[in-house]
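Written below as structure tokens is the structure these notes are about.
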Amino acid sequence: MSENNNPIGQLDNYEIMAHLPHRYPFLLVDRVIDYKVGEYLTAIKNVSVNEPCFTGHFPHRPVMPGVLILEALAQATGILAFKTLGEKPDESSLYYFVAIDKARFKKPVEPGDQIILKVTLIKRKRTMWKFDAEALVDGKVVCSAELMCSKQGIV
């Protein structure tokens, strides 16, 4: 069993917060439903009409900004990277989003949707990580990209 008596491969909100420095309103991963260290992670982002972005992003027809979908995917990569390293973030380092390649948005994400975030590690070289990432709603891809991230020390 892992922390908080969850089966291996799942993380609740408290464990997610232990592996990401983000907090409301910028913590965009609600639950990890499956992962394998060094390989992949699948997580959930529940989209609520109460989220701050919806007051100004098409208030007459709220749509989740694509950059926030990409950020949610990047946060999922951060959890996978820290789990793979066997570490948790601290004040002496940050995990940065450094590149987005081949990003595609196929369908709007609206309040009430549940986004399934899927990230797969493509390769890692020193502090650089490259991932294949997909966001799905109702089994359909709404966003896909290749993401690069880097763990950096703070001076």
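Numerical summary
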read-out: Among residues of segment 85-115, those that are more than 20 Å from residue 32 (Cα to Cα), in a loop (DSSP other than H, G, I, E, B) and among the small types (Gly, Ala, Ser), counted; value: 1
read-out: Number of the exception - residue 101 against (1) modelled with pLDDT of 95 or more; (2) under 16 Å from residue 129 (Cα atoms); (3) surrounded by 13 or more Cβ atoms within 10 Å (Cβ to Cβ); value: (3)
read-out: Options 113, 90, 132: the member that is surrounded by fewer than 15 Cβ atoms within 10 Å (Cβ to Cβ) and either farther than 18 Å from residue 41 by Cβ or touching a strand residue (DSSP E or B) at 6+ places or on another chain (Cβ under 7 Å) (or both); value: 90
read-out: Filter result (hydroxyl-bearing (Ser, Thr, Tyr) and either surrounded by fewer than 16 Cβ atoms within 10 Å (Cβ to Cβ) or within 14 Å of residue 71 (Cα to Cα) (or both)) within segment 20-54; value: 24, 48
read-out: Residue in segment 66-80 that is in a helix (DSSP H, G or I), in contact (Cβ under 8 Å) with a residue 60 or more places away in the chain, β-branched (Val, Ile, Thr) and in contact with a helix residue (DSSP H, G or I) (Cβ under 7 Å, 6 or more places away or on another chain) present; value: yes
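The values are calculated or read from the model by the stated rules, or taken from the named source; none is laboratory data. From a predicted model like this one, the values you see are computed outputs, not experimental measurements. Cβ coordinates were reconstructed from backbone atoms using ideal geometry, including for glycine residues, and neighbour counts include every protein chain displayed.
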